[in-house]
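Report on the following structure.
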Amino acid sequence: MDKKIILSKCISFSIKINKLRKYLRETQREYNNSDQLQRCGTSIGANYSEACDAESKADFIHKLGIAQKETNETVYWLKVLHGSELITSSTYEELMADVNELYKIITASIKTAKTSMTNNQ
């Protein structure tokens with residue numbers, strides 16, 4: 001998949017996360033969990049963007065690994081918010097589908113990069 005398309009998906013996800021945080025702050029007066037979600041949810045794209053300008057294949061893999069970890073943390077906070085009935089099931093399902101797609105893309109990119117590194121040695 002093209003890097004620009006992936007970055008566009010990351011940006012779109014970050015915007016959704018920012019809008020959810022704003023909604024939770026304004027309607028639920030919820031700050032702690034939504035702040036945590038905002039930090040990790042927007043960090044996925046930031047780390048992916050950094051990986052695109054990595055200094056080496058190893059640096060690329062490392063930065064994607066951080067993005068991958070941020071997807072896992074995002075899933076955790078979405079589960080907490082949903083379980084606490086602070087977000088609807090439809091919002092939860094939509095964001096989970098997005099973050100799971102990003103996780104699969106990032107994981108596949110890591111695997112491809114590692115295979116490429118191994119084959120070049």
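Scanning the range 42-60 for residues that are among the aliphatic types (A, V, I, L, M) and surrounded by fewer than 19 Cβ atoms within 10 Å (Cβ to Cβ) turns up 46, 54, 58.
Checking 64, 24, 78 one by one, the residue that is on the phi < 0 side of the Ramachandran plot, in contact with a Gly (Cβ under 9 Å, 6 or more places away or on another chain) and in a helix (DSSP H, G or I) is 78 and no other.
Which one of 87, 66 is within 18 Å of residue 112 (Cβ to Cβ) and among the β-branched types (Val, Ile, Thr)? Within the list 87, 66, the selection yields 66. So the check is Cβ under 9 Å with 6+ separation or different chains; which pairs have a first residue in the range 46-72 that's among the hydroxyl-bearing types (Ser, Thr, Tyr) and a second one that's at pLDDT below 95? Close Cβ pairs satisfying both conditions: 48/3. For the range 28-40, the set of residues classified as surrounded by 14 or more Cβ atoms within 10 Å (Cβ to Cβ) and over 15 Å from the mean Cα position of the chain (by Cα) consists of 28, 30, 33, listed by residue number. Go through 21, 25 for me and flag whichever is buried (at least 20 other Cβ atoms within 10 Å of the Cβ) and free of Cβ contacts under 8 Å to residues at least 24 places away in the same chain. So the residue among 21, 25 that is buried (at least 20 other Cβ atoms within 10 Å of the Cβ) and free of Cβ contacts under 8 Å to residues at least 24 places away in the same chain is 21.
A quick yes/no check of all residues on (1) under 13 Å from residue 13 (Cα atoms); (2) surrounded by fewer than 17 Cβ atoms within 10 Å (Cβ to Cβ); (3) without any contact (Cβ under 8 Å) to a residue 24 or more places away in the chain:
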residue	(1), (2), (3)
79	no, yes, yes
83	no, yes, yes
88	no, yes, yes
96	yes, yes, yes
114	no, yes, no
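Assess whether residue 39 counts as being modelled with pLDDT of 95 or more, of a type in the set (Lys, Arg) and in contact with a helix residue (DSSP H, G or I) (Cβ under 6 Å, 6 or more places away or on another chain). Here the answer is no, as residue 39 does not meet what is asked. Selection within the range 6-27: residues that are within 30 Å of residue 108 (Cβ to Cβ) and among the hydrophobic types (A, V, I, L, M, F, W, C). The member of this set that is farthest from the chain's Cα centre (by Cα) is 20. Do we have residue 67 as surrounded by 20 or more Cβ atoms within 10 Å (Cβ to Cβ) and either out of contact with any Ser or Thr (no Cβ under 6 Å at 6 or more places or on another chain) or farther than 19 Å from residue 100 by Cβ (or both) here? Taking the combined requirement at face value, the residue satisfies it.
The values are calculated or read from the model by the stated rules, or taken from the named source; none is laboratory data. In this text the structure is predicted, and so the values were computed from the model without any measurement. Positions of Cβ are backbone-derived with ideal geometry, glycine not excepted, and every protein chain shown enters the neighbour counts.
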